[in-house]
1. Just to be sure I understand, how many residues within region 50-108 are part of a helix (DSSP H, G or I) and touching a Pro at 6+ places or on another chain (Cβ under 7 Å)?
2. Quick one: in region 2-59, which of the residues that are open to solvent by 80 Å² or more (accessible area, probe 1.4 Å) and of a type in the set (Ser, Thr, Tyr) is modelled with the highest pLDDT?
3. Do any residues in region 59-85 that are farther than 22 Å from residue 7 by Cα have Cβ atoms under 7 Å from those of residues that are open to solvent by less than 90 Å² (accessible area, probe 1.4 Å), where the two are at least six apart or on different chains, and which pairs are they?
4. Condition check: under 16 Å from the mean Cα position of the chain (by Cα) and without any contact (Cβ under 8 Å) to a residue 24 or more places away in the chain. Does residue 54 satisfy that?
5. Inspect all residues belonging to region 21-41 and state whether any of them is outside any loop (DSSP other than H, G, I, E, B), within 15 Å of the chain's Cα centre (by Cα) and under 16 Å from residue 5 (Cβ atoms).
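The values are calculated or read from the model by the stated rules, or taken from the named source; none is laboratory data. Model, not experiment: these values are computed from the prediction. Here the Cβ positions follow ideal geometry from the backbone for every residue, glycine too, while neighbour counts run over all protein chains shown. Protein only, heavy atoms only, side chains kept; ligands, DNA and RNA dropped before computing areas. Shrake-Rupley method; radii C 1.70, N 1.55, O 1.52, S 1.80 Å.
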Amino acid sequence: MYSRAHAAISLVVAGGVVLAESVVLAGEPAVAPAIAVAYGVALGVLIDLDHFVLAWVLSGSFAPLRRVLRAPWIVVTDPATIFEADDLGPYHRLISHVVIAGVLVPGV
């Protein structure tokens, strides 16, 4: 899944949480709703940072990170060019999300 998809899903989830909180609590929110939604979207997109660490472990190369640092816009405009086939496969990406969501998140 690319960053755009992560952002869209995170926007829906964070917006839903903010909306549900406003309905349930029916009072003044502790944090401005726009800030809460922006924070949720940022977290949803930044979950992909683990892919760079995983690509480095698997390939021994920082090439994907260098690509993004040289041209940060490719994260949104051409995400398929960030990782080469030798850097990271689709199953590696999925497994890293399962580890983060299934192990680290409940632990935190």
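1. Within region 50-108, residues that are part of a helix (DSSP H, G or I) and touching a Pro at 6+ places or on another chain (Cβ under 7 Å) number 2.
2. Ranking the candidates gives 39 first.
3. Going by the 7 Å Cβ cut-off, the qualifying pairs are 59/87; 61/87; 63/87.
4. no
5. Yes: one or more hits.
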